[in-house]
Amino acid sequence: MPVVDFIPVRSRTAPVASRTVNPETRFFDFGNDAFGQLEFTCTADSDTGLECAIGEVLTPEGRLNREPGGNRVFFSSRIQVRQGTAVYRFPIPRHPDVQPGSVSLAEEIAPFRYAEFSGQGISIEPVRITMYAPFNDRAADFRSSSEILNRVYELCRHTIKATTVFGVYIDGNRERLPYEGDAYINQLGHFALDADYTIARRTIDHLFKFPTWPTEWLLMMSLIVKDYYLHSADRESIGRWFPGLTSKLLLNFSRADGLLSTEGNKNPRDIVDWPPVERDGYEFGTVNLVPNCYLYRALHDMAFLAGELGLADEAEYYRSRAALVRASIRGTMLKNGRFTDNPDSEHMSLHSAVFAVLFGLAEPAELPSLASFIRSRGMACSVFTAQFLLEACCKCGLADYALELMTADTLRSWMNMIRKGATITMEAWDDSFKPNQDWNHPWGAAPANIIPRGLFGIQPLKPGFAEFEADPKSCLENAFCRYPTIHGPIEIELFPDRIELTVPAGTRCLFRGAILTPGRHSVCRS
């Protein structure tokens, strides 16, 4: 497991609550789950032993869950303490090597929220040494009249901050592995919270060294690099990465009609969604719609990047290749207004509809029917695909439905995570969908970016937000959003009768077909 060259910020966090469980046992709650170490000051009447335990999950009775299942954290240790007062450190077990590309720090850490101490004749004062990357807590903000949406946003905001601890975007504590699919969601959330692009750049570098296996994940690299560039304006990095992006397009798996087929392959292998139970009955074939939608979007973004680098011939090649793929998808998998899972199928899963809408395979006239289908399926996907579902909803006139999904209190919802006691988003909607899941997976934090990018419609149009779009949706009532950029924050405040919008110096905003210059603008809400 590579030890990353990264030194996180350390913050000494005191418990927010404590209680005496019995005469020998004290329980402490640090208020949220976070990566770090446990240190405690112990005063003992004599040399003795005590049991110390840390974890993320409670029992229904409110005790630290010693058998949380899956990859939820619980560790305990018997610690010898000396008479008098001294400071001790809980010995966190070394995280197991999982696979090439998994990362660790020079010293071991673990995510935990709770600690319990049991022993006679002792008093305990614990502190969590909480670790994370440099993070500007005031760079972004969101508040609204919906208390549920505010809670979901805070869950996702804390998720992004807490999981920066390794200096690259990890999938969670279970593997501590950067994946392209996870990184797409993670970096968009991070970009919406802090205008620091160091971790995104480090992650992209890491992924070129340690690519993962899903077809769609590899194809996402062009999307990731484009989003990075539009936020950071870091032309030097995209010039360095661009040659390596060609292999991520998997063109050696493409047929004469441009469509991609990885049938029979293990690496790459079509994934559609994960875990498999979340695929909404997707029917796999020799050629699959979802990865080919990714391929079309990747080619489209490669053409953009080539153009930004002044590579006119390459840009034209990728544009023509994208047009071929789009025509072949529509010619083989668009049947009576429905995008089928594969050319031999008549089934349209939620995923097929979502990616056809989001990545531009559907024509404007086809969107109402597809939007109706998307609304009918509910959250029939994983926490990962929820990102793309919500993006598609905001693109095809279903922003109100995106808001409904983000504030739902069903089994497949962020409120379910909160209700179960998670303060970092889970790897799956519930332990029942993925028994081996962890409770610290930032790919579940889509609302951190969907709220500002989707509901407020804040999107960069030119690198570094030199030009951006703002398109607040009518489903939001009283609400405020601050979005960080390298030029300063964009601020949008929604009132019943008007919209107040602050455009940073050095940028301009496309708003309702007009160009707004730097400064504060007030426009009629209707």
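Neighbours of Phe30, meaning other residues whose beta-carbon lies under 15 angstrom from its beta-carbon, give a summed charge of +1 when Lys and Arg score +1 and Asp and Glu score -1. Using the Cβ-Cβ distance between Ala514 and Asp400 with R0 set to 25 Å, the FRET efficiency works out to roughly 0.50. How about Lys335: which lysines have a C-alpha closer than 25 Å to its C-alpha, ignoring those fewer than 8 places off in the same chain? Hits, sequence-local ones excluded: Lys395.
The distance from the alpha carbon centre of region 270-326 to that of region 5-76 is 46 Å, rounded to a whole number. Simple spin-label estimate for Ser376 and Val98 gives 3.8 nm between the two label positions (7 Å along the Cα-to-Cβ direction from each Cα). Hey, got a sec? Which GluC sites (Glu not before Pro) in region 56-143 land in a DSSP loop and have at most 15 other Cβ atoms within 10 Å? Answer in residue order: Glu61, Glu107, Glu108. Here the calculated FRET efficiency for Leu411 and Ala312, from their Cβ-Cβ distance with R0 = 56 Å, stands at 0.65, rounded to the nearest 0.05. Inter-label distance, Asn252 to Phe208: 1.9 nm, where each label sits 7 Å from its Cα along the C-beta direction.
Each Lys or Arg adds one and each Asp or Glu takes one away; over the other residues whose Cβ falls under 14 Å from the Cβ of Ala233, this sums to -2. Figure legend: label point modelled 7 angstrom from the Cα of Asn267 along Cα→Cβ; residues of region 83-100 with amide N under 19 Å from it are 97-100.
Rolling a 1.4 Å probe over the heavy atoms of the protein chains gives the chain an accessible area of 37 Å² per residue.
Only helices enter this figure: runs of n ≥ 4 DSSP H residues, each worth -39500 (n - 2.57), summed and divided by the residues of the chain, yield -9500 deg cm²/dmol at 222 nm to the nearest 500. Seen against the Cα atoms of the chain and their longest principal axis, helix 367-377 is set at about 30 degrees.
Seen against the Cα atoms of the chain and their longest principal axis, helix 180-191 is set at about 80 degrees.
Surface composition of the chain: carbon and sulfur atoms hold 50% of the protein heavy-atom accessible area at a 1.4 Å probe.
Full extension of the chain segment joining Arg66 with Asp497 gains 149.8 nm, where the gain is 0.36 nm per residue of separation less the Cα-Cα distance. Please say if region 444-511 is rounded, prolate or oblate, where rounded means a/c under 1.5 for a ≥ b ≥ c the square roots of the C-alpha gyration tensor eigenvalues, and otherwise the choice is prolate for a/b larger than b/c and oblate otherwise? Oblate, since a/c reaches 1.5 and b/c is not below a/b. Taken as Cα centroids, region 447-509 and region 327-389 sit 28 Å apart, rounded to the nearest whole angstrom. Of all DSSP beta bridges confined to the chain, the antiparallel ones make up roughly 95%. When only Cα pairs below 8 angstrom with a gap of at least 6 residues are kept, the chain shows a relative contact order of 15 percent.
Here the contact order of region 1-42, divided by its residue count and restricted to Cα pairs under 8 Å and six or more residues apart, works out to 27 percent. Between Ala14 and Arg89, the simple label model (points 7 Å from Cα in the Cβ direction) yields a spacing of 2.3 nm.
The values are calculated or read from the model by the stated rules, or taken from the named source; none is laboratory data. What you see is a predicted model; the values in this text were computed from it and never measured. Counting neighbours? That spans all protein chains shown, and the Cβs are built from the backbone with ideal geometry, glycine included. Remember, those area values only see protein heavy atoms, side chains included, never the ligands or the DNA or RNA. Shrake-Rupley method; radii C 1.70, N 1.55, O 1.52, S 1.80 Å.
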